[in-house]
Amino acid sequence: MTHKVAVFAGDGIGSEVIGEALEALKVVEKRFGLSFACERALAGGCSIDAHGVALTDSALRVAKESDAVLLGAVGGPQWDDPKSSVRPEQAILGLRKELGLFANLRPVQVSRHLINSSTLKPEVLEGVDLVVVRELTGGVYYGRPSERRTGAAGREAVDTIFYTEGEVARLMRTSFELARKRRKKLTSVDKANIMATSRMWREVAHEVAKEYSDVQYEDVLVDSMSMHLIRRPRDFDVIAAENMFGDILTDEASMLAGSMGLLPSASLGEGKRGLYEPIHGTAPDIAGQDKANPLAAILSTALMLRLSFDQEQAAQTIENAVDAVLASGYRTADIAQPECRLVGCKEMGRLVREKLQQ
Ligand code: IPM
Ligand code: MG
């Protein structure tokens, strides 16, 4: 069976890291007798330059006809004009919404080889293993109105956070199911002391929690969570959060692992199709210089193999290869340590392939 993979390298370091991810996939394809048909399409700034929009209908079709989507990153300063109605980010928001990918899984594990490259103390990081389940197709990202206008007091702007009970319930179910397969603990993040959407979020979460009495459940306010996440990260297993809270907390959580360049993510909907992407951005400051860390993109292919294609062994092989390279002391600049062997994006990719072939 051939798996159709839609590939959106995107902008900035996107094409560099996706290049290495696809090379790793080729090795896995051979080694495990799998078959992938990769189709490339444009998304983000590169699509704006070529077609005037961040995501064309035909690019969207490529994604819709695929079994999984692999994405690099989108955006960059050249498309940052605040007055422009076309923005690179519309591509990723469009893909998430159009493919119905409402649950974004962002696992954070601290590799013992990298425990010293974090800015946090090793004793805080030892044994950290958590997953943030971020709601991905609702909240302020899609709420309307979202606009600037002129009012009596001059310039005004409004954004809207909107959730339906169904959107909250399905996210909570995904989170509880995941917690059941892990350490059976779920932390739901909200701002129920201020926001109406959060109060409904909490109410619905409690209703769903009744179906999962085997899972230990807690509510934590988002401001408090941002503190606990770096004070006692080991205590968390699955963390469920609405779209923007999840966005912010996962950047923070990436610092537990040591770098944004290490964290993969999976965006899932009702079916098997998922979108897999590193959580990092396009890093325009280092783009085109062979300095990016390809590990988050490579690890995203592992999530794809596991979650969309049920290839657990192949997924683990990739994760083990990454771990082995880190164990040998190789580091890209973002995770460099004084005595490490500093390598670029391409060399890091090659080292992972070398381990994958062993
Ligand atoms: C992420 C990114 C995106 C988001 C941007 C690029 C639209 O920060 O995937 O975390 O905010 O969702
Ligand atoms: Mg983000």
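The values are calculated or read from the model by the stated rules, or taken from the named source; none is laboratory data. Owing to the predicted nature of the structure, the values given are computational and were not obtained by experimental measurement. Neighbour counts are summed over all protein chains in view; Cβ atoms, including those assigned to glycine, are modelled from backbone coordinates with ideal geometry. Accessible surface areas use protein heavy atoms only, side chains included; no ligands, DNA or RNA. Shrake-Rupley method; radii C 1.70, N 1.55, O 1.52, S 1.80 Å.
When you scan segment 268-287, how many residues do you find that are within 14 Å of ligand 2 (Cβ to nearest atom), closer than 21 Å to ALA315 by Cα and surrounded by fewer than 21 Cβ atoms within 10 Å (Cβ to Cβ)?
Counting residues in segment 268-287 that are within 14 Å of ligand 2 (Cβ to nearest atom), closer than 21 Å to ALA315 by Cα and surrounded by fewer than 21 Cβ atoms within 10 Å (Cβ to Cβ) gives 0.
So if I check each of VAL189, VAL131, which one is open to solvent by less than 20 Å² (accessible area, probe 1.4 Å), out of contact with any helix residue (DSSP H, G or I) (no Cβ under 6 Å at 6 or more places or on another chain), in a strand (DSSP E or B) and within 16 Å of ligand 1 (Cβ to nearest atom)?
Numbers: VAL189 fails: out of contact with any helix residue (DSSP H, G or I) (no Cβ under 6 Å at 6 or more places or on another chain).
On inspection, the qualifying residue turns out to be VAL131.
I need the full set of residues from segment 327-350 which are open to solvent by less than 10 Å² (accessible area, probe 1.4 Å), modelled with pLDDT of 95 or more and among the hydrophobic types (A, V, I, L, M, F, W, C), in order please.
Answer for segment 327-350, where residues must be open to solvent by less than 10 Å² (accessible area, probe 1.4 Å), modelled with pLDDT of 95 or more and among the hydrophobic types (A, V, I, L, M, F, W, C): CYS345, MET348.
Looking at segment 138-183, which of its residues are over 26 Å from the mean Cα position of the chain (by Cα) and part of a strand (DSSP E or B)?
Kept after step one, since they are over 26 Å from the mean Cα position of the chain (by Cα), are these residues of segment 138-183: 145, 147-158.
Within segment 138-183, PRO145, GLU147, ARG148, ARG149, THR150, GLY151, GLY154, ARG155, GLU156, ALA157, VAL158 qualify.
Consider ALA152 against the criteria (1) open to solvent by less than 60 Å² (accessible area, probe 1.4 Å); (2) out of contact with any strand residue (DSSP E or B) (no Cβ under 8 Å at 6 or more places or on another chain): it satisfies all of them except one. Which criterion is unmet?
Result: ALA152 passes all but (1).
Quick one: ILE298 ticks every box in (1) more than 19 Å from GLY258 (Cβ to Cβ); (2) more than 16 Å from ligand 2 (Cβ to nearest atom); (3) surrounded by 20 or more Cβ atoms within 10 Å (Cβ to Cβ) bar one, so which box is it?
Looking at each condition in turn, ILE298 falls short on (1).
Going by the conditions given, is ARG199 open to solvent by 80 Å² or more (accessible area, probe 1.4 Å), in a helix (DSSP H, G or I), under 22 Å from MET227 (Cβ atoms) and not polar (S, T, N, Q)? Full working, then the answer.
Numbers: open to solvent by 80 Å² or more (accessible area, probe 1.4 Å): yes; in a helix (DSSP H, G or I): yes; under 22 Å from MET227 (Cβ atoms): yes; not polar (S, T, N, Q): yes.
Answer is yes for this residue.
Take the residues in segment 256-267 that are within 14 Å of ligand 1 (Cβ to nearest atom) and not small (Gly, Ala, Ser); name whichever of them is surrounded by the fewest Cβ atoms within 10 Å (Cβ to Cβ).
In this case the residue turns out to be MET260.
Return the residues of segment 1-58 that are of a type in the set (Asp, Glu) and more than 22 Å from GLN358 (Cβ to Cβ); say none if nothing qualifies. So that I can check it myself, show each step before the final result.
Taking segment 1-58 first, the residues of a type in the set (Asp, Glu) are 11, 16, 20, 23, 29, 39, 49, 57.
Within segment 1-58, ASP11, GLU16, GLU39, ASP49, ASP57 meet the criteria.
Within segment 268-279, is there a residue that is closer than 29 Å to ASP334 by Cβ and at pLDDT below 95?
Within segment 268-279, the first condition is being closer than 29 Å to ASP334 by Cβ, and the residues that meet it are 268, 274-279.
This time we only want the ones that are at pLDDT below 95, so: 279.
Looking for residues that are closer than 29 Å to ASP334 by Cβ and at pLDDT below 95, one finds at least one in segment 268-279, hence yes.
Please tell me if GLY45 is buried (at least 18 other Cβ atoms within 10 Å of the Cβ) and over 18 Å from GLY274 (Cα atoms).
Taking the combined requirement at face value, the residue satisfies it.
Mind checking which pairs have a first residue in segment 117-144 that is free of Cβ contacts under 8 Å to residues at least 12 places away in the same chain and a second that is of a type outside the set (Lys, Arg) and open to solvent by 30 Å² or more (accessible area, probe 1.4 Å), Cβ under 9 Å, 6 or more apart or different chains?
Listed pairs, sorted by first residue: PRO122/ASN116.
Counting only residues that are in contact (Cβ under 8 Å) with a residue 24 or more places away in the chain and either open to solvent by 30 Å² or more (accessible area, probe 1.4 Å) or not hydrophobic (A, V, I, L, M, F, W, C) (or both), how many does segment 80-111 have? Walk me through it before giving the result.
Here is the first cut: in segment 80-111, the residues in contact (Cβ under 8 Å) with a residue 24 or more places away in the chain are 86-111.
Okay, now just the ones that are also either open to solvent by 30 Å² or more (accessible area, probe 1.4 Å) or not hydrophobic (A, V, I, L, M, F, W, C) (or both), so 86-90, 93-94, 96-98, 100, 104, 106-107, 109, 111.
Final tally of qualifying residues: 16.
Given the criterion out of contact with any strand residue (DSSP E or B) (no Cβ under 6 Å at 6 or more places or on another chain) and within 20 Å of ILE18 (Cβ to Cβ), identify the matching residue among ALA50, ALA43, ALA68, ALA37.
ALA50
Inside segment 235-251, can you point out the residues that are within 10 Å of VAL132 (Cβ to Cβ) and more than 9 Å from ligand 1 (Cβ to nearest atom)?
At the first step, the residues of segment 235-251 found to be within 10 Å of VAL132 (Cβ to Cβ) are 236, 238-241, 245-247, 249-250.
PHE236, VAL238, ILE239, ALA240, ALA241, PHE245, LEU249 - these are the residues of segment 235-251 that are within 10 Å of VAL132 (Cβ to Cβ) and more than 9 Å from ligand 1 (Cβ to nearest atom).
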